[in-house]
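Structure, as structure tokens:
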Amino acid sequence: MPLNAQHQMNILKDILSNHQSDCCGTVAECEQVERLIQSMLAKGYASTNVQATLQNVYKYTQDAKSATHLDEHIQTNQQNLSQWVQELSTLS
């Protein structure tokens with residue numbers, strides 16, 4: 001069963017919230033976030049206001065996948081993660 005836009009947004013926010021609260025994550029989670037964002041953008045699920053935030057999150061996951069120490073990358077981006085979750089909650 002395909003996920004609708006709201007389900008995709010909820011999963012995205014959950015993963016980002018977990019990164020923010022736990023200060024750790026996995027490459028698989030980053031890849032899942034990338035797939036969600038690609039799907040949302042391709043299907044036009046993301047409004048213009050949300051697209052910039054999604055692109056910032058996508059860059060974060062790209063950088064995370066290539067980071068030598070993923071948990072350090074997540075810790076460095078704590079403020080961004082908090083901001084993105086808030087923006088996605090407000091804008092979606």
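The values are calculated or read from the model by the stated rules, or taken from the named source; none is laboratory data. Just so it is clear, the model here is predicted, and its values are computed rather than measured. Here Cβ is always computed from backbone atoms with ideal geometry, including for glycine, and neighbour counts include all displayed protein chains. In case anyone asks, the SASA skips ligands and DNA or RNA and just uses the protein heavy atoms, side chains included. Shrake-Rupley method; radii C 1.70, N 1.55, O 1.52, S 1.80 Å.
Numbers for the structure displayed
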quantity	calculated
Share of carbon and sulfur in the accessible heavy-atom surface of the chain [1.4 Å probe, %]	46 percent
Solvent-accessible area per residue, Å², over the chain with all protein chains present [probe radius 1.4 Å]	57 Å²
Environment charge at T53 (Cβ cut-off 13 Å; Lys +1, Arg +1, Asp -1, Glu -1)	+1
Over the chain: helical MRE at 222 nm, DSSP H runs n ≥ 4 each giving -39500 (n - 2.57), nearest 500	-26500 deg cm²/dmol
Entry for volume of the Cα convex hull per residue in Å³ (calculated from the structure that is shown) out of [x] 117; [y] 82; [z] 107	[y]
